[in-house]
1. Under 29 Å Cα to Cα from K23, which lysines show up? Leave out anything in the same chain fewer than 8 places away.
2. In Å, what Rg and Dmax follow from the Cα atoms of region 28-108?
3. When the helices in the chain are scored as -39500 (n - 2.57) per DSSP H run of 4 or longer and the sum is shared across all residues, what 222 nm value do you end up with, to the nearest 500 deg cm²/dmol?
4. How much area per residue is accessible in the chain when the probe is 1.4 Å and only protein heavy atoms are counted (Å²)?
5. Which whole number in µm²/s is D for the chain by Stokes-Einstein, with the Kirkwood Rh taken over Cα pairs at 20 °C and 1.002 mPa s?
6. Over the alpha-carbon set of region 191-274, divide Rg by the Kirkwood Rh and report the Rg/Rh ratio to two decimals.
7. I'd like the carbon and sulfur percentage of the solvent accessible area for the chain, probe radius 1.4 Å, heavy atoms only, ligands and nucleic acids excluded.
8. Run the paramagnetic zone check for A138: 7 angstrom along Cα to Cβ, then residues of region 50-66 with backbone nitrogen under 18 Å.
Amino acid sequence: MAKIIGGVATTHVPSIGKAIADKRYDHPYWKPFFQGFDYVHQWLAREKPDFAVFFYNDHGLNFFLDKLPTFAVGAAKEYRNEDEGWGIPVARPAAGDPDFSWHLINALVADEFDITMCQDMLIDHAVTIPLELMWPGAWPVRIVPISINTVQHPLPSMARCLKLGRSVGRAIESYPQDLRVMVVGTGGLSHQLDGTRAGFINKEFDQLCLDKIVDEPDTLTRYSIHDLVALSGAQGVEFLNWMAMRGALTGQVTQAHRNYHIPISNTAAATIVLDNRAESARKAA
Ligand code: DHB
Ligand code: FE
């Protein structure tokens, strides 16, 4: 059976892609951020995942305001990137696996998550930047992209995203192949790109989220979407992707690594690695 080895969550700021293209790893602005990936590289080299299930938000490359699913799951052989602007190079395609994707889709719908299924799906910086950060130069995993709407209100609640993750976690563990699967949540932490609060960052709230997401993710469901916008900024709601990632870790979860650095572009940049060990009593969605 497939095994969930752990999770990584990271910021996905597009200018990271430009810094990678320009090899600015040791530049004083970038070093504290890129250094946070040294441990991630060691962890990936040791854990050797076959699959990465991504919880992320599309920023208008694949879905736009005219049609915007709350939850969408990719079921393609390959996921392409396209020019998104931002001055970053178009990324290589990521490999998919339709059989594994359809297994997750069937399980999610059976579990009453009425997701949108996508046999054709472009991936944007919210997937390509974390892939390149985790595996610079070549991506040795197949992915399942799961897009969560963090763009057009009404957004799904923190509780709903945690439950989505739990459902995905159960689905992964019921896949009858001996695969090593990691889950990824991208975006956040606090940031706001426009309006009168552009540049807003809330270190205190970010630290609380980073603390609670490890052992007490349910306590974070007390925050409504409007609380989240107020406390972490209009784009800080990307933390919903982190909640789904955490939900998919169904065993004993421990924090293996944390890096927090302010700012990268307009964003409080955070990276965490969570280990998921053995089975324990699991919460039903
Ligand atoms: C920035 C952050 C994001 O999450 C994003 O999708 C685009 C830009 C930024 O801080 O520049
Ligand atoms: Fe974003």
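The values are calculated or read from the model by the stated rules, or taken from the named source; none is laboratory data. Model, not experiment: these values are computed from the prediction. Using ideal geometry, Cβ is built from the backbone for each residue, glycine included, and neighbour counts are taken over all protein chains shown. Ligands, DNA and RNA are stripped out before the accessible areas are found, and what is left, the full protein with its side chains, is counted by its heavy atoms. Shrake-Rupley method; radii C 1.70, N 1.55, O 1.52, S 1.80 Å.
1. K31, K48, K203
2. 16.1, 47
3. About -9500 deg cm²/dmol.
4. Ligands and nucleic acids excluded, the figure is 41 Å² per residue.
5. Answer from the Stokes-Einstein relation: 116 µm²/s.
6. 0.97
7. Within the chain, the accessible surface is 50 percent carbon and sulfur.
8. What the label zone holds, given the 18 Å backbone N cut-off, is 50-52.
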